[in-house]
1. Name, by its number, the condition in (1) of a type in the set (Gly, Ala, Ser); (2) modelled with pLDDT of 90 or more; (3) within 27 Å of Ala4 (Cβ to Cβ) that does not hold for Gly114.
2. How about segment 1-12: which of its residues are under 14 Å from Gly41 (Cβ atoms), open to solvent by less than 100 Å² (accessible area, probe 1.4 Å) and at pLDDT 70 or above?
3. Do any residues in segment 92-111 that are free of Cβ contacts under 8 Å to residues at least 12 places away in the same chain have Cβ atoms under 6 Å from those of residues that are open to solvent by 80 Å² or more (accessible area, probe 1.4 Å), where the two are at least six apart or on different chains, and which pairs are they?
4. Within segment 28-38, can you find the residues that are surrounded by fewer than 12 Cβ atoms within 10 Å (Cβ to Cβ) and assigned to a helix (DSSP H, G or I)?
Amino acid sequence: MGIANLPAGLFGAVPMCHGTGGLAAHYRFGARTGGAPIMIGIFFVILALVLGELGLTILTLIPNSVLGVLLVFAGLELCPLVRSLQTNEEFFVALLIAGIALAVPNMAWAFGIGIVVDLFIRKTKTKI
């Protein structure tokens, strides 16, 4: 994905990232190797080259509700990661990031503030 961003930027594309949710979705629906992103990438390239704008029109026929269900299952795949949190401070930072992410449209703010708060808690050895 990162390598694809380099030439795509020259054509005015917006940088993109598969992210944890995308990887969790692949895993949840059966992918266990790096072949899944490669196969879907090949599929989309062929779709774009063969069908052009018609391919995009076909993809827009997928109902948002279907995409929502896929997103729910990807999220459920990530939920067990909460078990790795061990201290109240870790839970606090996780809840802080989640709360900020729900309040503002930019996830970067949530992660940035979460990192700063986590560093502050560790540096000052604050107990929550």
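1. Of (1) of a type in the set (Gly, Ala, Ser); (2) modelled with pLDDT of 90 or more; (3) within 27 Å of Ala4 (Cβ to Cβ), only one is false for Gly114: (3).
2. Selection gives Ala4, Asn5, Pro7, Ala8.
3. Pairs found: Ala101/Met107.
4. Correct list: Gly35, Ile38.
The values are calculated or read from the model by the stated rules, or taken from the named source; none is laboratory data. None of these values were measured; they are calculated from a predicted model. Neighbour counts run over all protein chains shown; Cβ positions are idealised from the backbone, glycine included. Only protein heavy atoms, including side chains, enter the accessible area calculation; ligands, DNA and RNA are left aside. Shrake-Rupley method; radii C 1.70, N 1.55, O 1.52, S 1.80 Å.
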